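See below for the structure under consideration.
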Amino acid sequence: MARNMDNSCRQCRREGAKLFLKGDRCTSKKCAIDKRPTPPGQHGMARKKHSEYSIQLREKQKTKRMYGLLEKQFRAYYEKAKRMKGVTGENMLILIERRLDNVVYRMGIGASRNMSRQIVNHGHITVNDKLVDIASYKVKPGDIISIKESKRGNELFKELKGAKIVMPKWVTFDTETFVGKIIENPKREDIDLNIREQLIVERYSK
């Protein structure tokens, strides 16, 4: 499967914002955006006047990188959101939030979305007691998300046992039983990312 091979810290510096691609490192003193907040490259310090197109493009690129999506995937979410009732930009973000890899991240099972995608792809997660290894699988209210019983002794999950995790109100996860649930579909106010989705809609609607 195709994926973005760019260095994670360079992606954050390019977008001028923390994309939280490397888990705990992003909140530590080692975070690249805190140490070197300028874009990467020889001319990163140069001041540039950004056009409307450039601003819209950067917002799209930033959001894609936050969620670890490629252009074809991201565009597909926009097209689907456009056909739904309601605000297109909000619908798009909600659809992406309902991806299984994002849910695993939101529940605190994975330290980053990239790690959460690997956890799903490697067969560690079940949905309603059935193994699901497709990161883009769309969850719905009432779904039971859990770490597969045979995988719970994995070194990856030892620190998770009994941990206190801050998670959005639309999901729950018990770190003693390794079982979680989708309470409801996420709402725009539940998405704590600095995203101006209207700019993305404007970019795609041209």
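Worth a mention:
- Among the listed pairs Lys49/Lys82; Lys72/Lys138; Lys130/Lys151; Lys64/Lys151; Lys138/Lys206, those beyond 20 Å (Cα-Cα): Lys49/Lys82; Lys64/Lys151; Lys138/Lys206
- The charge dipole of the range 50-206, taken about its Cα centre with unit charges on the Cβ of Lys, Arg, Asp and Glu (plus for the first two, minus for the last two), comes to roughly 460 debye.
- Annotation: extensible slack from Leu131 through Ala163 equals 9.1 nm (criterion: 0.36 nm per residue apart, minus Cα-Cα distance).
- Listed residue (Ala135, Pro168, Gly86) projecting farthest to the positive dipole end of the range 43-184, Cβ model: Gly86
- Each of Lys72 and Gln118 was given a label point 7 Å from its Cα along the Cα-to-Cβ line. The distance between the two points is 2.4 nm.
- Multiplying the residue separation of Ile183 and Lys49 by 0.36 nm and removing their Cα-Cα distance gives an extension gain of 43.8 nm.
Bear in mind these aren't lab numbers, they're just calculated from the coordinates by the rules spelled out. In this text the structure is predicted, and so the values were computed from the model without any measurement. Here Cβ is always computed from backbone atoms with ideal geometry, including for glycine, and neighbour counts include all displayed protein chains.
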